[in-house]
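**Q** Handing you this structure, nothing more for now.
The values are calculated or read from the model by the stated rules, or taken from the named source; none is laboratory data. The structure presented is a predicted model; accordingly, all values stated were derived computationally and were not measured. Counting neighbours? That spans all protein chains shown, and the Cβs are built from the backbone with ideal geometry, glycine included.
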Amino acid sequence: MHNPTELQKLIENAIPKIAYPANPANLYEPIKYIMSLGGKRIRPVMVLMATELFTDEVTKALDVALAIETFHNFTLVHDDIMDNAPLRRGKQTVHEKWGVNNAILSGDVMMVESNKHLSKVDIGVLKPVLDTFNQTAQGVCEGQQLDMEFETRDDVSIEEYIEMIRLKTAVLLGGAMKLGAIVGGADEKNAELLYQFGENLGVAFQLQDDILDVYGDPEKFGKQVGGDIIANKKTFLHLKAKALIEPTETDILLGEHESATQKVEAVTALYNNYNIKELAQTQMKQYLAKAYQGLDMLEVVENRKTYLRELTKQIMEREN
């Protein structure tokens with residue numbers, strides 16, 4: 001079996017070998033560019049790890065892993081357009097470098113490229129692979145739509161927020177695990193257990209990200225701490241505070257402040273007064289416990305789960 005680092009290298013070595021057409025260059029160069037920007041490659045690694053739970057032939061899932069990574073980067077290209085983001089992983093975003101129209105088209109083609117990768121799987125698992133991928137991709141788009149709608153709503157509930165992050169973030173981890181399991185030869189029960197593992201881990205991951213955005217070390221977090229507060233994002237912390245604070249404190253959470261720094265300091269102090277961080281951590285740990293429960297129930301010899309447990313620990317103990 002391969003450890004996560006070895007699987008990451010397998011992905012990194014495979015990405016430059018993907019053959020895209022040479023023309024039109026402005027359609028395909030952005031794809032090569034975004035795919036080359038790196039990242040932790042967590043999602044394709046999880047595909048391969050799921051496959052290795054059931055077979056030693058990990059390379060049989062490589063095209064599925066590339067499909068998931070291509071789709072993930074497709075969502076980043078379009079998310080950056082919607083967010084008007086200038087940078088991605090410290091480099092110019094695709095729409096900044098090639099223009100919005102080019103970025104939209106390149107993103108569209110990335111969805112096609114994902115399906116081209118998927119079409120290479122064994123014909124015996126092609127239908128469940130396509131069904132799982134399509135359901136996953138549709139869920140991610142639904143989550144992004146909900147996230148956009150939340151920006152103009154003042155009545156978002158915590159339950160709605162959890163459902164949004166389940167769709168936008170978690171279903172892709174769940175889908176990655178299930179796809180790897182299907183290609184590895186897992187039965188329906190084990191494939192579904194892995195989906196639930198990935199989905200619950202994804203929710204826990206996003207809740208942890210919400211916490212780190214406020215309480216993380218800025219040097220390790222890799223982005224501005226308090227960015228969600230400045231942007232008035234309706235995170236778990238924001239919504240929980242809104243539900244608990246006194247009416248006289250509403251202006252602290254929702255009102256104007258003299259500067260972004262002052263706003264972050266004031267809202268963080270409010271969070272501290274109501275133990276919002278601890279409440280968010282409790283919620284996060286509940287989803288993480290559900291993830292581990294699914295992994296425990298998986299009908300695979302325990303030593304094959306070792307690397308997946310290690311990766312889960314690394315993901316949830318991250319500081320960036």
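**Q** Show me the helices (runs of 4 or more DSSP H) entirely contained within the stretch 223-263 in which 3 or more residues are in contact (Cβ under 8 Å) with a residue 24 or more places away in the chain.
**A** 236-244
**Q** Filtering the stretch 264-303 down to residues that are in contact with a helix residue (DSSP H, G or I) (Cβ under 6 Å, 6 or more places away or on another chain) and not in a helix (DSSP H, G or I), which residue is nearest to Ala204 (Cα to Cα)?
**A** Leu298
**Q** Can you pull out the residues in the stretch 17-41 that are more than 12 Å from Glu69 (Cα to Cα), in a helix (DSSP H, G or I) and of a type in the set (A, V, I, L, M, F, W, C)?
**A** Result: Ala25, Leu27.
**Q** Name the pairs whose Cβ atoms lie under 9 Å apart, with the first residue in the stretch 266-279 and more than 16 Å from Asn232 (Cα to Cα) and in contact (Cβ under 8 Å) with a residue 60 or more places away in the chain, the second in a helix (DSSP H, G or I) and of a type in the set (A, V, I, L, M, F, W, C), and 6 or more positions between them or separate chains?
**A** Lys277/Ile211; Lys277/Val214; Lys277/Leu237
**Q** Cβ-Cβ below 6 Å, separation at least six or inter-chain, first residue in the stretch 163-189 and assigned to a loop (DSSP other than H, G, I, E, B), second surrounded by fewer than 24 Cβ atoms within 10 Å (Cβ to Cβ) and of a type outside the set (D, E, K, R): which pairs?
**A** Once the first residue is assigned to a loop (DSSP other than H, G, I, E, B) and sits in the stretch 163-189, its partners that are surrounded by fewer than 24 Cβ atoms within 10 Å (Cβ to Cβ) and of a type outside the set (D, E, K, R) give Gly185/Phe54; Gly185/Thr55; Ala186/Phe54.
**Q** When residues of the stretch 276-312 are filtered for being under 16 Å from the mean Cα position of the chain (by Cα) and of a type outside the set (Phe, Trp, Tyr), how many remain?
**A** The qualifying residues number 5.
**Q** Still on this structure: Can you report the number of residues in the stretch 229-286 which are among the charged types (D, E, K, R), closer than 20 Å to Asp155 by Cβ and in contact with a Leu (Cβ under 8 Å, 6 or more places away or on another chain)?
**A** 3
**Q** If you go through the stretch 144-181 one residue at a time, how many are closer than 17 Å to Met82 by Cβ and among the β-branched types (Val, Ile, Thr)?
**A** 3
**Q** Failed condition for Val171, given (1) closer than 30 Å to Tyr274 by Cβ; (2) at pLDDT 95 or above, with all others met?
**A** Single failed check for Val171: (1).
**Q** May I ask you to say which residue of Thr51, Thr5 is assigned to a helix (DSSP H, G or I) and free of Cβ contacts under 8 Å to residues at least 12 places away in the same chain?
**A** Going through Thr51, Thr5 in turn, the sole match is Thr5.
**Q** Of all residues in the stretch 82-107, count the ones that are touching a residue at least 24 places away in the same chain (Cβ under 8 Å) and in a helix (DSSP H, G or I).
**A** 10
**Q** It is to be established whether one or more residues within the stretch 253-271 are within 26 Å of the chain's Cα centre (by Cα), within 30 Å of Leu7 (Cβ to Cβ) and at pLDDT 95 or above.
**A** no
**Q** Something else about it: Test each condition in (1) exposed (fewer than 14 other Cβ atoms within 10 Å of the Cβ); (2) outside any helix (DSSP H, G or I) for Arg318 and report the one that comes out false.
**A** Every condition holds for Arg318 apart from (1).
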